[in-house]
Amino acid sequence: MLAGWCGPAVVPLGGGLVAGLFLAGAAGSVMHCAPMCGGFVLGQVADRMARLPAARLCERQRIGAGLLLPYHCGRLTTYAALGALVGLAGAGIAQLPAVGFLSAGLLLLAAVLFACHALRRLVPALRHVLPAADRAPAGWVRLVGRLTGRLDRTGWEGGYLLGVALGFLPCGFLYAALAAAAASASAPGGAVAMLAFGLGTVPALVVVGIAGQTAGQRWQRGMTVIAPLVMLANAALLLLLASQRLLA
């Protein structure tokens, strides 16, 4: 990682964790973020387009509305903040004698969660066995809805605050990324790792915002064949990092 490693016993994970979380975000967003957050994205795009005068409706405006830059900046802010918090917690753990085992355990947990997420897609029969932690609790979703209901989602401030709020929606996919980021054992390292994860989730949501629900679903169906394999490869990378921590 870039900086902030606490204690001589902590061995930096290098760019492998950052790259792994970026790929996990890109692959997992196709399977998870697009279906879960697609409604929020399409709602914002519809609101933005409805505010435009008919004379200004054009392809450039539609693409600009679909990018939803304020919303994504808000999500990235939340992810980076959460990453810094778990990285700081990991720095505290790094002071304990069994730092190698604890750090490796966090990476192992992240690898297992990512692998479960992929296997549920690849082997439907396993869905009855593997835990389904890919949906936010309904009560939490309603609470976030009430808190953000009065925001003007068509402006920069409202779109940004909506992204900040929705970044807190809990799910197993996010838990896995946070577990891996905590293994960085530093606030800056955790923030960078989660920022990479968040950036990986952006393209799928941008496709949904620009292409619309129907076209986005067609793209998603094609990508879901590849995405679970990428997720499994990322789980293998995290397992490798965990083994390196044990041997360090």
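If I stretch the segment between Ile226 and Trp156 completely, what's the gain in nm (0.36 nm per residue apart, minus their alpha carbon distance), one decimal? List each step's numbers first, then the result.
On the way: separation 70, 0.36 × 70 = 25.20 nm, distance 3.42 nm.
Once the chain is fully extended between Ile226 and Trp156, it gains 21.8 nm.
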With 0.36 nm assigned to each residue of separation and the Cα-Cα distance removed, Arg127 to Ala89 gains 10.4 nm
Between Ala211 and Cys73, the two model label points (7 Å from Cα along the beta-carbon direction) sit apart by a distance in nm of 2.7 nm
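Just so you know, all these numbers are worked out from the coordinates, no wet-lab data involved. Keep in mind that this is a model prediction, so the values were computed, not measured. Glycine also receives a Cβ, built like all others from the backbone with ideal geometry; neighbour counts cover every protein chain displayed.
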